[in-house]
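Here the structure comes first, spelled out in structure tokens, and everything after it is commentary.
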Amino acid sequence: MPVSGQGKEIVDIPEGVTVTIVDRNVTVKGQKVTLTRELPVSRIIMALQGNQVVLTCDLPKKKENALLGTFRSHITNMIIGVTNGFEYKMKIVYSHFPVKTSIKGNEFVIENFLGEKHPRKADILGDTKIKVKGDEVIVTGPNKEHVGQTAANIEQVTKIKRYDPRVFQDGIYLTQKGGVING
């Protein structure tokens, strides 16, 4: 059953950030980084009004009301990404075999995990950067989804199967999620 009236969401654009909307593509440009994303729902109208992005939908149903909030969040995350970026922190945990990590191209390589001879590899997505300091892995980048998925790839590749998780607690685990880098 449609909700009466008009659904509307507003996103403020800060100083130093440029937002352009062409067809269904939203481009957010900061000082160093540019992010582009397609928002494909045709019933939602996106428009620039001064220093704001206005998302509207006439007579929205429940799904369109939810999508208005989702689109607002995507645009807000893009703005945060080009201004500050995102940072996830992970911790390397091992009990007997010391784990060696390295970055080769677009892959994060984990060697000697549980004493295995073959290295485990996790994909690094987009402009995501990884730094290793001792037993801490820091995953940073402008795109929140790429940073989060890269951290998930690392966590999944070190998941232990066929062993008791109470005994074998080795792995690389997420300790801080989605923190914003302070410039």
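The values are calculated or read from the model by the stated rules, or taken from the named source; none is laboratory data. The structure displayed is predicted, hence computed values, not measured ones. FYI the Cβ positions are ideal-geometry reconstructions off the backbone, even for glycines, and counts take in every protein chain you see.
Let's see how each residue does on (1) farther than 29 Å from THR36 by Cα; (2) at pLDDT 95 or above:
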| site | (1), (2) |
| --- | --- |
| LYS91 | yes, yes |
| SER95 | yes, no |
| GLU111 | yes, yes |
| ASP123 | no, yes |
| ASN143 | no, yes |
| VAL157 | no, yes |
| LYS161 | yes, no |
| ASP164 | yes, no |
| LYS177 | no, no |
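Determine, yes or no, whether TYR173 is in a loop (DSSP other than H, G, I, E, B), of a type in the set (Ser, Thr, Tyr), farther than 25 Å from LEU39 by Cβ and not assigned by TED's automatic domain parsing to the domain that holds ARG37.
no
Out of the stretch 92-113, which residues are of a type outside the set (A, V, I, L, M, F, W, C), under 19 Å from LYS161 (Cβ atoms) and surrounded by 13 or more Cβ atoms within 10 Å (Cβ to Cβ)?
TYR94, GLU111, ASN112 - these are the residues of the stretch 92-113 that are of a type outside the set (A, V, I, L, M, F, W, C), under 19 Å from LYS161 (Cβ atoms) and surrounded by 13 or more Cβ atoms within 10 Å (Cβ to Cβ).
Residue under question is GLY148, and the condition is that it be at positive phi and not assigned by TED's automatic domain parsing to the domain that holds LYS29; does it hold?
No.
Checking the condition part of a loop (DSSP other than H, G, I, E, B) and of a type in the set (Val, Ile, Thr), which residue from ILE160, ILE80, ILE92, ILE103 passes?
Just one listed residue meets the conditions, ILE160.
Among the candidates GLU38, GLU107, GLU111, GLU116, which residue alone is outside the structural domain of VAL11 (by TED's automatic domain parsing) and either within 19 Å of the chain's Cα centre (by Cα) or of a type in the set (Val, Ile, Thr) (or both)?
The match here is GLU107.
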